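The values are calculated or read from the model by the stated rules, or taken from the named source; none is laboratory data. Worth saying up front: this structure is predicted, and the values here are computed from it rather than measured. Neighbour counts are summed over all protein chains in view; Cβ atoms, including those assigned to glycine, are modelled from backbone coordinates with ideal geometry. Each accessible area value is taken on the protein alone, full model and side chains, heavy atoms only, with ligands, DNA and RNA left out. Shrake-Rupley method; radii C 1.70, N 1.55, O 1.52, S 1.80 Å.
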Amino acid sequence: MALSLPDFPWDSLAAAAAVARRHEGGIVDLSVGSPVDPTPEVVARALSAATDAHAYPQVAGTPALRAAVAEWYERRRGVSGLHDGNVLPTIGSKELIAGMALWLGLGPGDTVVHPVAAYPTYALGAALVGADVLASDDPSEWPESTRLIWVNSPGNPDGAVLDHEQLRAVVARGRELGAVVAGDECYAELGWEGEWADSPTPCILDPRVVGDDLRGVVSVYSLSKQSNLAGYRAGFVAGCDHVIGQLLAVRKHAGLMPPAPVQEAMRAALGDEGHVREQKERYRARRAALAPALEAAGFRIDHSEAGLYLWATRDEDCWTSVDWFAQRGVLVAPGSFYGVDGGRHVRVALTTTDERIAAAVERLQG
Ligand SMILES: Cc1ncc(COP(=O)(O)O)c(C=O)c1O
């Protein structure tokens, strides 16, 4: 029996990538959110001090890492009182997102809800277990069969931020349905506009969202973006001790343990805010250069108040926009990768060097 998987979306960008690569100044690849800046010193030092890693690492994470995660939620996410049973490290967050429906025992007849404009891995996780999937941002539409609800704030691809009230409505409906609510929050430190310009975006575990009870709610986080650790595979999940316990039990059986040196690197990264601020300023400058260039080229930027992408539209089919960029040696992602409603947008990533951003700006003016 073969698994029925969706096509891997990026394969369909190959033709546009080939066009962009032929540009005399080389390609500017703004189609993926893969960090390009150096690994922070504090992380590299911690990693190299932890290379004597002969024993199997702990699936639950070292006590020092679990304490660092709990302390970080208190300091940066406004969530106090997490203890060891509330936190669990993951091997980056994508594997957890893809595996969550499976680890929670979902299957045919169950429904997984995800945002309308969404990172494709939520739907993949439902497909892996034969569950139904519903793309909906409106809690009143979520059916009785809902067992897992993904929210993503700040959002990929559209950079939209959910405030406490919106998150509270999600959690309230999730509890009514007896569903697990998972907030995927990996861009929380990368806010640009309004109140998010200088402080993290709201956390799904915030007491203003969950009250004094974490029941059924988890926050999924990644150090890929804020700390340039995509290559380390460094993530974690925190919240409801029952859900975390269930995940821990199955992940122990499956041997899903972040490597010990990476656990140390994560611990160090979580304790240092300086490198996160520095990285945010790099992205802020790239965004400040790119956004007006897109607007001058006739694009409107929707949402994008946080995160690593500009969600841009010229009210034309997204593939027309992709081709227009490719002719200028710039590769962007079509919005259709993120759901049917994205068919008239493109997602433009901020994750390239200052030099490549400057090249893109120049080409968009031409
Ligand atoms: C919304 C969202 N969630 C999760 C991830 C996965 O991050 P990682 O697996 O690197 O931790 C990404 C990566 O782009 C993302 O955009």
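What the table shows:
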{"item": "Cβ-placed point charges (K, R +1; D, E -1), dipole of segment 159-204 about Cα centre in debye, nearest 20", "result": "340"}
{"item": "Kirkwood Rh (inverse of mean 1/r, distinct Cα pairs), segment 41-146, angstrom", "result": "16.6"}
{"item": "Rounded percent of accessible protein surface that carbon and sulfur make up, the chain, 1.4 Å probe", "result": "53"}
{"item": "Rounded accessible area per residue of the chain, 1.4 Å, Å²", "result": "41"}
{"item": "Charge context of Asp84, other residues only, Cβ under 13 angstrom, K/R +1, D/E -1", "result": "-1"}
{"item": "GNM result for the chain, Cα springs below 10 Å: residue of Gly231, Gly78, Gly155 fluctuating most strongly", "result": "Gly231"}
{"item": "CD proxy at 222 nm, helix term only [per DSSP H run n ≥ 4: -39500 (n - 2.57); per residue of the chain; nearest 500]", "result": "-11500 deg cm²/dmol"}
{"item": "Cα gyration tensor shape of segment 145-254, rounded if a/c is under 1.5, else prolate or oblate by comparing a/b with b/c", "result": "oblate"}
{"item": "Fluctuation leader among Ser153, Ser227, Ser136 - the chain, Gaussian network, Cα springs under 10 angstrom", "result": "Ser136"}
{"item": "Cα pair count fraction exceeding 28 Å, expressed as % - segment 41-272", "result": "25"}
{"item": "Cα-based shape type of segment 292-365, given that a ≥ b ≥ c are square roots of the gyration tensor eigenvalues and the cut on a/c is 1.5", "result": "prolate"}
{"item": "Accessible-area value, Phe337, 1.4 Å probe, nucleic acids and ligands omitted, Å²", "result": "20"}
{"item": "Sparse-neighbourhood loop sites, GluC sites (Glu not before Pro) in segment 141-223 - DSSP loop, at most 16 other Cβ within 10 angstrom", "result": "Glu144, Glu193"}
{"item": "Anisotropy class of segment 202-325 from Cα gyration tensor, a/c 1.5 cut", "result": "prolate"}
{"item": "Gaussian network model of the chain, Cα within-10 Å springs - most flexible of Gly183, Gly211, Gly107", "result": "Gly211"}
{"item": "Proximal lysines to Lys280, defined as alpha-carbon separation beneath 24 angstrom and excluding residues fewer than eight positions away on the same chain", "result": "Lys94, Lys225"}
{"item": "Net charge of Cβ neighbours under 10 Å - reference Ser224; Lys, Arg +1; Asp, Glu -1", "result": "+3"}
{"item": "Size of charge dipole - the chain - debye, nearest 20, with Cβ of Lys, Arg +1 and Asp, Glu -1, no other charges", "result": "720"}
{"item": "For segment 99-162, the fraction of alpha-carbon pairs in successive 5 Å shells from zero, as %", "result": "4, 20, 31, 22, 16, 6, 1"}
